[in-house]
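To keep things clear, I will list the structure first and then write my remarks on it.
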Amino acid sequence: KGEATRTDSGNVTHASSNSSDVAWSSGSTWTYKTPPAGDTGWYDLGNGYEYLLQVIPPNSGLQQTQAQVITRIDVIGRPKGSADQSTWRTLETMIRPSSLTDFQTFTATSVTYNSAATTTGPIFVGEDKNGSPGTLTHDGTAKANLYSEGTVGGATTYTNGAKKYDKNSNPTALCKLNNCNPVQFSSFQSTITTVSGAAAAGGITLGAKDNSNAGLSGQSYNVDAWKLAFQANGTILISSCKLYSQKVNNVTTTWQDYDGSNAPVCGTATSYNVPSNGAISSAADVLVSGVVKGKVTVASSGDVVFGGDTTYNVNGTDVLGLEAQGTIYVAQWAVTGATLNLWAAELALNGPFEADPVYNGSATATMNFNGSTAVYGGSNGAIIFSNLFAHRNYIYDNNLKFLQPPYWPTLGNAFTVLVQREVG
């Protein structure tokens, strides 16, 4: 109701109704060529005022990925029948589908933040594969909203207008975020397939074998992991790796899950440009580090491992998305100094975001993670680093509100308001 007259791609006009919704069957693009002053779509509010809507759909042909998914809604209001445009007002709203990168933490496993924690982005706790909702306990300071399908508890200090939403609030967390529908991690499974298809169509595909490094460390063609070392000039050095192994008393030991102090043994690296479509797919585990220049999503059918500092050439321009079918790790051999700096949006479909799980040495270093973490979680929790790092700083990257990694999953029933302003 109240929408302006549309003009379809064939230059045919379609007048809307000022009293009821009208079905549309003329394609996914349209324009508004009819001057508002003479449009018949104005909706009478019955209080001396009326409005006219213009809905400008996303344009997949635009160059910037963010612009490709933005819908613009202009609402013109005026005194009923007024031709004096100085009395008109126009509100412009820009929305996009809500993304997992809108959250500092998004998990299916219960999460607890202690009294020293300060969270700067929204936190969401959903339900596990059995449909059981998790709980969010926050005893620190929350600078953004807290959401849980179960309950939100703790001695939380809320700042910046932050609030809590759970199953007992009005609206509930699910009604606030996802049109009252449960959020299941299984719905994000297709993202690995999406990146794989894009990689095959114009990105980089890394298989389970590497014939060019046959006999690496005297072993087979099979690849345990691919090492991706991002370079500040927009290239990536990629090499195939085998997990470190050694013989002790004639028994060969291979460390799994990247525990142990020795990095995998990798072959000769080949330089690639960051693909224009941003898609990199791997059939094996992936080790990442370096300085990212470009917009890229790396999807692994196994695990993703931070192998060192992983940063951006220009914050707010470059972005890295990491998707793991399994777990996202930080290896102990990645920590070579007093501080480890990590920037990324990450998604682990069947595991947590954690440090080397068997490390039992001294926790002395500091980890600074800037980004967004969406993880299913594990039996011990969703984010686990106290065994490796004495200090952990988890900071939401506000650039992700306007710059998501390519092909990043969204919530199908929700939208995020990017901009709302008066324009006339």
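For Tyr113, the residues whose modelled amide H falls within less than 5 Å of its own, excluding neighbours fewer than 5 places apart on the same chain, are Thr137, His138, Asp139. Rolling a 1.4 angstrom probe over the protein heavy atoms, how many square angstrom per residue are accessible across the chain? So the chain comes to 45 Å² accessible per residue, rounded to a whole number. Ignoring lysines fewer than eight residues from Lys1 along the same chain, the ones with Cα atoms less than 28 angstrom from its Cα are Lys33, Lys80, Lys176.
Amide hydrogen proximity for Ala390: with H placed 1.01 Å from N in the peptide plane, the residues at 5 or more positions away or on another chain lying under 5 Å are Thr364, Ala365. Would you work out which of Leu411, Thr34, Leu53 lies farthest towards the positive end of the dipole of the chain? Charges go on Cβ: Lys and Arg +1, Asp and Glu -1. Sorting the options by dipole projection puts first Thr34. With all protein chains in place and a 1.4 Å probe, the accessible surface of the chain carries 47 percent carbon and sulfur.
Across Gly337, Gly46, Gly131, mean-square fluctuation computed from a Gaussian network of the chain (C-alpha pairs under 10 Å connected) peaks at Gly46. Candidates Gly378, Ala4, Ala225 compared by Cα position along the dipole of the chain: farthest toward the positive end lies Ala4, with charges placed on Cβ. Subtracting the Cα-Cα distance of His14 and Ala200 from 0.36 nm times their residue separation leaves 62.9 nm of extension gain. Using bins of 10 Å that start at zero, the share of Cα-Cα pairs per bin across the chain amounts to 4, 19, 26, 22, 15, 8, 4, 1, 0, 0, in whole %. The slack in the chain from Ile56 to Thr112, taken as 0.36 nm per residue of separation less the alpha-carbon distance, amounts to 16.0 nm. Applied to the stretch 97-109, the Karplus parametrisation 6.51 cos²θ - 1.76 cosθ + 1.60 on θ = phi - 60° returns per-residue 3J(HN,Hα) values of x, 4, 10, 4, 6, 6, 10, 5, 9, 9, 8, 9, 10 Hz, with x for Gly and Pro.
Rounded to whole numbers, the Karplus 3J(HN,Hα) couplings from phi for the stretch 73-89 are 10, 10, 10, 9, x, 7, x, 3, x, 5, 9, 7, 5, 5, 9, 7, 9 Hz, using 6.51 cos²θ - 1.76 cosθ + 1.60 with θ = phi - 60°, and x at Gly and Pro.
Pairs spanning more than 18 Å between alpha-carbon atoms, out of Lys167/Lys401; Lys295/Lys401; Lys209/Lys295; Lys242/Lys293: Lys167/Lys401; Lys209/Lys295; Lys242/Lys293.
Bridging of Lys164 to aspartates and glutamates at a Cα separation below 12 Å is possible for Glu149, once same-chain residues fewer than 8 apart are set aside. Here each label is just a point 7 Å from Cα along the line to Cβ, and for Phe402 and Thr87 those points are 3.7 nm apart. Working from the Cα coordinates of the stretch 1-138, the gyration tensor eigenvalues give, after taking √(5λ), semi-axes of 42, 20, 15 Å in decreasing order.
Each residue of the stretch 294-300 was assigned a 3J(HN,Hα) from its phi angle through the Karplus curve 6.51 cos²θ - 1.76 cosθ + 1.60 (θ = phi - 60°); the sequence is x, 10, 9, 10, 10, 10, 10 Hz, with glycine and proline shown as x. Calculated on the alpha-carbon coordinates, the convex hull of the stretch 363-424 measures out at 143 cubic angstrom per residue.
Of the beta bridges in the chain, as assigned by DSSP with both residues counted there, near 40 percent are antiparallel. In this structure, the amide hydrogen of Val319, modeled 1.01 Å from its nitrogen in the peptide plane, lies closer than 5 angstrom to those of Gly294, Lys295, Val296, counting only residues at least 5 positions away or on a different chain.
Taken about its Cα centre, the chain carries a charge dipole of about 360 debye when Lys and Arg each add +1 at the Cβ and Asp and Glu each add -1 at the Cβ. Rounded to the nearest 10 degrees, the angle from helix 190-202 to the longest Cα principal axis of the chain is 80 degrees. What figure, in Å² to the nearest 10, do you get for the accessible area of Tyr244 with a 1.4 Å probe and non-protein molecules left out? Per-residue accessible area (Tyr244): approximately 60 Å². What residues from the stretch 113-131 fall in the zone where the backbone N is under 16 Å from a label point 7 Å along the Cα-to-C-beta line of Thr366? From the stretch 113-131, the list is 117-118. Length available on full extension from Val423 to Ile73: 0.36 nm per residue minus the Cα-Cα distance, which gives 124.8 nm.
The values are calculated or read from the model by the stated rules, or taken from the named source; none is laboratory data. Keep in mind it's a predicted model, so treat the numbers as computed, not measured. Note that each Cβ is placed from the backbone with ideal geometry, even for glycine, and that neighbours are counted across all protein chains shown. To get the accessible areas, we keep the full protein, side chains included, count just its heavy atoms, and leave off ligands, DNA and RNA. Shrake-Rupley method; radii C 1.70, N 1.55, O 1.52, S 1.80 Å.
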